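Right, one structure below, let's go through it.
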Amino acid sequence: MPKIYSSFFLSLFLFSSNYLQANEVTFNRPSNTPQAAYVIELLSAAYKQSGYDIKLIDYPRDEALRAANEGKLDGQLGRIAEIELLYQNLVRLPTPLFTFNLLLIHRCNQCTDCQINDFKSVSIVSNYPVAKAYLTKMNYSGEVIDVRSIKTQLALLNQNKIESIIVLDFQLKAEVGALSREEYQLQILSKTASYHYLNNQHPDLFNKISKTLHAFEQSGFIAQLKEKHNIN
């Protein structure tokens, strides 16, 4: 093959490769829950309509928000509202993905209808900022112990090293399952929505995906996916 044609096809290949790479957005891989599976399927469909594929990579969850804010990741698949107040390069798409309950768990013999400030200590999972935001909102002044899993929280509670824990209901179900109501009291602290976030370096993509998610909501597609994945 003449060199001129070889150069042409090589250039075409490199252009195609760069084009394919450009049509890809990267997020950290979420934990294995029905909510995560639902969000991945929903957002994959939304991005596909704009010619993008979603790439998921393993990334420490407690570093993912900072990485998304710095542009090392393209955003966050799902985070609570107002996280953009702390990470100002992240912009929230307006359509909520799903809602969940923030739960307070403590031993049955402590109190009934408790308030968070009734407890001298509480444990939260460090990489879920919704619990920390709630404690700040309630001006909690007790001891806060950050851990990495709900199982560790429950172990501390069972050993009487802390008086209470705060968890996300769907994470509790995924990691532990149902808790004995004879041993524990579960109280709903708040109902919270999860939203998709993009780094602000993607304004055009923000507009496209926002419109697509709104259309999915209006058409009933989001409701269908929630039913498929058993999301309330």
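When region 107-137 is filtered for residues that are closer than 19 Å to PRO60 by Cα and in contact (Cβ under 8 Å) with a residue 60 or more places away in the chain, the ones remaining, listed by number, are SER126, ASN127, PRO129, VAL130.
Looking only at residues in region 31-53 that are in a loop (DSSP other than H, G, I, E, B) and hydroxyl-bearing (Ser, Thr, Tyr), the one that is farthest from the chain's Cα centre (by Cα) is SER50. If we keep just the residues of region 54-81 that are assigned to a loop (DSSP other than H, G, I, E, B), of a type in the set (D, E, K, R) and in contact with a strand residue (DSSP E or B) (Cβ under 8 Å, 6 or more places away or on another chain), which is nearest to VAL125 (Cα to Cα)? Residue satisfying both the conditions and the ranking: ASP58.
Only residues that are in contact (Cβ under 8 Å) with a residue 40 or more places away in the chain and farther than 30 Å from THR136 by Cβ were counted in region 181-208, giving 3.
Quick test for you: out of ILE145, ILE162, pick the one residue that is assigned by TED's automatic domain parsing to the domain that holds ARG107, touching a Ser or Thr at 6+ places or on another chain (Cβ under 6 Å), in contact (Cβ under 8 Å) with a residue 40 or more places away in the chain and surrounded by 14 or more Cβ atoms within 10 Å (Cβ to Cβ). Walk me through how you get there before you give the answer.
On the way: ILE145 fails: in contact (Cβ under 8 Å) with a residue 40 or more places away in the chain.
Going through ILE145, ILE162 in turn, just one is assigned by TED's automatic domain parsing to the domain that holds ARG107, touching a Ser or Thr at 6+ places or on another chain (Cβ under 6 Å), in contact (Cβ under 8 Å) with a residue 40 or more places away in the chain and surrounded by 14 or more Cβ atoms within 10 Å (Cβ to Cβ): ILE162.
Determine, yes or no, whether SER126 is within 30 Å of LEU198 (Cα to Cα) and surrounded by 14 or more Cβ atoms within 10 Å (Cβ to Cβ). Spell out the reasoning first.
Numbers: within 30 Å of LEU198 (Cα to Cα): yes; surrounded by 14 or more Cβ atoms within 10 Å (Cβ to Cβ): yes.
The answer is yes for SER126.
Scanning region 191-232 for residues that are surrounded by 15 or more Cβ atoms within 10 Å (Cβ to Cβ) and outside any helix (DSSP H, G or I) yields a total of 11. Just the residues that are touching a Cys at 6+ places or on another chain (Cβ under 7 Å) and outside any helix (DSSP H, G or I), please, taken from region 105-160. Within region 105-160, HIS106 is the sole residue that qualifies. With respect to (1) modelled with pLDDT of 90 or more; (2) surrounded by 13 or more Cβ atoms within 10 Å (Cβ to Cβ); (3) more than 20 Å from PHE221 (Cα to Cα), the lone exception for ARG61 is condition (1).
The values are calculated or read from the model by the stated rules, or taken from the named source; none is laboratory data. The shown structure was predicted, so the numbers you read here are calculated from the model rather than taken from an experiment. All Cβ positions, even for glycine, are placed from backbone atoms using ideal geometry, and neighbour counts span all protein chains on display.
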